[in-house]
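Report on the following structure.
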Amino acid sequence: MASDAPAAAPSGEEDAAPAAAPGRRTAGSRSTGRRSPGSRSPGRPGDERLERRRERRSRWYRRDVRWSPYAFVAPFFVFFLAFGLFPLLYTGWASLHRVELTAPGDMEWVGLRNFSRLVSDEFFWNALKNTLTIGVLSTVPQLLIALGVAHLLNYRLRGSMFFRVAVLTPYATSVAAATLVFVLLFGRDYGMINWALGMAGIDPVDWQNGAWTSQLAVSTIVIWRWTGYNALIYLAAMQSIPDDLYESAALDGASRRQQFLHVTVPSLRPTILFTVVVSTIGATQLFGEPLLYNGAGGANGGADHQFQTLGLYLYEQGWVNLHLGRASAIAWTMFLILLVVGAVNWLISRRLRTSSQGR
């Protein structure tokens, strides 16, 4: 019967492989002679170059984070200094001198004489009156129509995006193209407006040579160009009004007209004030429409200066009569008028905020 115990190992064989002698390598531990990239031991030249490269990248990154915002806004300040601040300061200095456009370097100090002459200048007061009249005739209907158009666009309509783009199209139209078209419409002999009036039994109107008619024609151009722009501003403000206000008004039995008058309009007070101020500033600087409407007549605003604005009067003094000092005084007078408009806007806005907080 064979024994189950394993046979004993010969006494001359060792139980384990002999240990490697010092200074020798075994077959399994033989080196390939290669190192992985970047596994250089510390202190070598390659590691120092890599560390310096990392430091430079980190330094450039910190500089980029710190100075990039200033580089992005720098073009605005460069253009503002060149075309905003410098002309403002130069015209302020020129308004205190007698200087001609043909020799802008030859200045004679006159102090406030250019401003005092404006007080007794009937053409200046005529231009100021025309500017105010055209501003009222263009701003009031323009904002009222824009408010109504925005109210219609605020409802869900098919093709609402098309209508929003359509009302903005006049704003994107060139002022020269728009004015030339309206010159044809308001023509005395062959204009479409007089043709429509003749169909209604009304005699033709000499739109360009009349005082009120010429100002109404210029105002119509402004209304056509800027109504869509203001309508989109009102539309954006209407869409920010909470729906809860309309739902509460509807539960109280308010009609859509009452909701518009008692919910929409009060919520649009800051926006309406903004558009009034912007339209007033635009009316004060009105230039292109009356200049092109006069055609070959130049900057006199008609034979009797009946629609000459402050912008046209400034242009006439500086670039037709070559009186740069007087033109600079007119420009600064317009600037002071706009400062007054801004101050009134600030006071009204402050009162509106105070009244809204007190409720």
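The values are calculated or read from the model by the stated rules, or taken from the named source; none is laboratory data. Note that the coordinates shown come from a computational prediction; the quantities given were computed from them, not determined experimentally. Cβ sites come from the backbone with ideal geometry, for glycine too, and all protein chains shown count toward neighbours. For accessibility, only protein heavy atoms count, side chains too; no ligands or nucleic acids. Shrake-Rupley method; radii C 1.70, N 1.55, O 1.52, S 1.80 Å.
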Seminar exercise, completed: Among LEU89, LEU235, LEU286, the residue with the largest mean-square fluctuation in a Gaussian network model of the chain built from Cα contacts under 10 Å is LEU89
Exercise. What do you reckon, how do TRP60, TRP226, TRP125 stack up by accessible area (1.4 Å probe), largest on top?
Worked result: TRP60, TRP125, TRP226
Exercise. How much length, in nm to one decimal, is gained on full extension between SER240 and TRP125, taken as 0.36 nm per residue of separation minus their Cα-Cα distance?
Worked result: 37.1 nm
Exercise. Where does helix 175-185 land angle-wise versus the long Cα axis of the chain, in degrees 0 to 90, nearest 10?
Worked result: 30 degrees
Problem set entry | Gyration tensor (alpha-carbon) shape descriptor, segment 59-142, a/c threshold 1.5 | oblate
For this session: Sort SER58, SER240 from largest to smallest accessible area, using a 1.4 Å probe on the heavy atoms of the protein chains.
Result: SER240, SER58
Exercise. Relative contact order for the chain using alpha-carbon pairs under 8 Å, separation at least 6, rounded to a whole percent?
Worked result: 23 percent
For this session: Add +1 for every Lys or Arg and -1 for every Asp or Glu among the other residues with Cβ under 15 Å from the Cβ of LEU153, and state the total.
Result: +4
Problem set entry | Estimated vicinal HN-Hα couplings, Hz - segment 125-137 in sequence order (Karplus 6.51, -1.76, 1.60; Gly, Pro = x) | 5, 5, 5, 5, 5, 5, 4, 5, 5, 5, x, 5, 5
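How high is the FRET efficiency between PHE72 and ALA211 when r is their beta carbon distance and R₀ equals 56 Å, given to the nearest 0.05?
Working: r = 51 Å, r/R0 = 0.91.
Result of the calculation: an efficiency of 0.65.
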Exercise. Counting Lys and Arg as +1 and Asp and Glu as -1, what is the net charge of the other residues whose Cβ lies under 11 Å from the Cβ of ASN194?
Worked result: -2
For this session: Working with all protein chains in place, sort THR264, THR333 by solvent-accessible area computed with a 1.4 Å probe, largest first.
Result: THR333, THR264
Exercise. What is the gain in length, in nm to one decimal, between PHE163 and LEU112 on full extension, counting 0.36 nm per residue of separation less the C-alpha to C-alpha distance?
Worked result: 13.1 nm
For this session: Give the label of the value calculated from the structure for Kirkwood radius over Cα pairs in Å, choosing from (i) 27.9; (ii) 21.6; (iii) 20.8.
Result: (i)
Problem set entry | Share of carbon and sulfur in the accessible heavy-atom surface of segment 145-232 [1.4 Å probe, %] | 70 percent
Problem set entry | By average C-beta atoms within 10 angstrom, highest first, the peptides 319-330, 343-354, 288-299 | 319-330, 288-299, 343-354
Exercise. Does anyone have the angle between helix 160-172 and the longest principal axis of the chain? Alpha-carbon axes, 0 to 90°, nearest 10?
Worked result: 60 degrees
Seminar exercise, completed: Over the chain, the sum of -39500 (n - 2.57) across DSSP H runs of at least four, divided by residue number and rounded to 500 deg cm²/dmol, gives at 222 nm -20500 deg cm²/dmol
Exercise. At what distance in nm do the modelled label points of ARG256 and TYR171 sit from each other, each positioned 7 Å from its Cα along Cα→Cβ?
Worked result: 2.4 nm
Exercise. Measuring with a 1.4 Å probe in the full set of protein chains, what accessible area per residue, in whole Å², belongs to segment 231-321?
Worked result: 48 Å²
Exercise. Which angle from 0 to 90°, rounded to the nearest 10, does the C-alpha axis of helix 45-80 make with the longest principal axis of the chain?
Worked result: 10 degrees
Exercise. At a Förster distance of 56 Å, what's the computed FRET efficiency of ASP47 paired with LEU85, Cβ-Cβ distance as r, to 0.05?
Worked result: 0.55
